[in-house]
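Notes follow once the structure below has been shown.
The values are calculated or read from the model by the stated rules, or taken from the named source; none is laboratory data. The model shown is predicted, which means the values in this text are computed figures rather than measured ones. Glycine also receives a Cβ, built like all others from the backbone with ideal geometry; neighbour counts cover every protein chain displayed. Each accessible area value is taken on the protein alone, full model and side chains, heavy atoms only, with ligands, DNA and RNA left out. Shrake-Rupley method; radii C 1.70, N 1.55, O 1.52, S 1.80 Å.
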Amino acid sequence: AQSVTQLGSHVSVSEGALVLLRCNYSSSVPPYLFWYVQYPNQGLQLLLKYTSAATLVKGINGFEAEFKKSETSFHLTKPSAHMSDAAEYFCAVSNAGGTSYGKLTFGQGTILTVHP
Amino acid sequence: DSGVTQTPKHLITATGQRVTLRCSPRSGDLSVYWYQQSLDQGLQFLIQYYNGEERAKGNILERFSAQQFPDLHSELNLSSLELGDSALYFCASSGRDRIDTEAFFGQGTRLTVV
């Protein structure tokens, strides 16, 4: 079975600083990985996804993530944080077997706080 | 706007009651997924329907059931409610049941059981 672990339930950065949100996965088959963002009182919005086409994936709002098989990681980064980036971020892996391919297994989430 | 509509947005009900949550997927999407988000369990997959048929089950209690209708909208039925069922319930939809297909999420129904 696939699983993801997000290191750090809370991350705090200053506006303009680098954002780094960590995600490690466990999968017996090549994984398909996603990052979603959840703003307060809203649903989840897809930031980016890795589907084996390229190891460096660029997403919306200036975010990107690099798939590193040797480290089983898919960390999310943004060079310069903006106040509007404050939200909760979820790493997820899609099912690679069984009867459903589209269901997602989520990490516990990381709350990003951005200070002025 | 993801195109996925969930109603109601908020629901407050008493223990032992039964409620129905409704989801309209994006136009043309065949797959509907239900997730539960709670503080202690995080985001958990409950169940998936694909074109009217159950495709996969996750951590869904026997008191909970779902269905997808011919017009592709879905309903999640929660019965004999307990305090611990209080959570945010999300519906998501996708066009194809493929491993690389992204899911689009609704804004959720916040259920409070008192």
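Counting only C-alpha contacts under 8 Å and six or more residues apart, can you give the relative contact order of chain B as a whole percent? The partial results should precede the final answer.
Numbers: 294 pairs, mean separation 42.4, N = 114.
Dividing the mean separation by the residue count of chain B yields 37 percent.
So if I place +1 on the C-beta of Lys and Arg and -1 on the C-beta of Asp and Glu, and nothing else carries charge, what would the dipole magnitude of chain A be about its Cα centre? I want it in debye, nearest 20. Don't skip to the end; give the middle numbers.
Details: 7 positive and 6 negative charges, 59 e Å.
Here chain A has a charge dipole of around 280 debye.
Tell me, what is the per residue accessible area of the stretch A:45-115 in Å², probe radius 1.4 Å?
Result: 44 Å² per residue.
How large is the accessible surface per residue of chain B, computed with a 1.4 Å probe and reported in Å² as a whole number?
47 Å²
Sequence neighbours fewer than 8 away in the same chain don't count; with that in mind, list the lysines whose C-alpha is under 22 Å from A:Lys68.
Partners within reach: A:Lys49, A:Lys58, A:Lys78.
Estimate the FRET efficiency between A:Glu15 and A:Glu66 by the formula 1/(1 + (r/R0)^6), using the beta-carbon distance for r and 25 Å for R0, to the nearest 0.05.
0.60
Mind giving me the FRET efficiency for A:Gln108 and A:Ser26? R0 is 22 Å, r the Cβ-Cβ distance, nearest 0.05 is fine.
0.95
Using a 1.4 Å probe on the protein chains only, how many percent of the accessible area of the protein assembly as shown belongs to carbon and sulfur?
49 percent
Report Rg (one decimal) and Dmax (nearest whole number) for the protein assembly as shown, counting Cα atoms only, units Å.
Over the protein assembly as shown's Cα set, Rg and Dmax evaluate to 17.5, 50 Å.
Normalised by the number of residues in chain A, what is the relative contact order in percent for Cα pairs under 8 Å and 6+ residues apart?
Reported relative contact order: 37 percent.
Find the centroid of the Cα atoms in the stretch A:10-62 and in the stretch B:38-61, then give the distance between the two in whole Å.
Here the two parts' Cα centres lie 22 Å apart.
Mind checking how much accessible area B and A bury in total, 1.4 Å probe, in Å² rounded to 100?
Values: alone 6360 and 6300 Å², together 10770 Å².
In total, chains B and A hide about 1900 Å² from solvent.
Write down the Å³ per residue value for the convex hull defined by the alpha carbon atoms of chain A.
Spelled out: Cα convex hull of chain A, divided by residues, is 96 Å³.
In Å³ and rounded to a whole number, note down the convex hull volume per residue for the Cα atoms of chain B.
That works out to 94 Å³ per residue.
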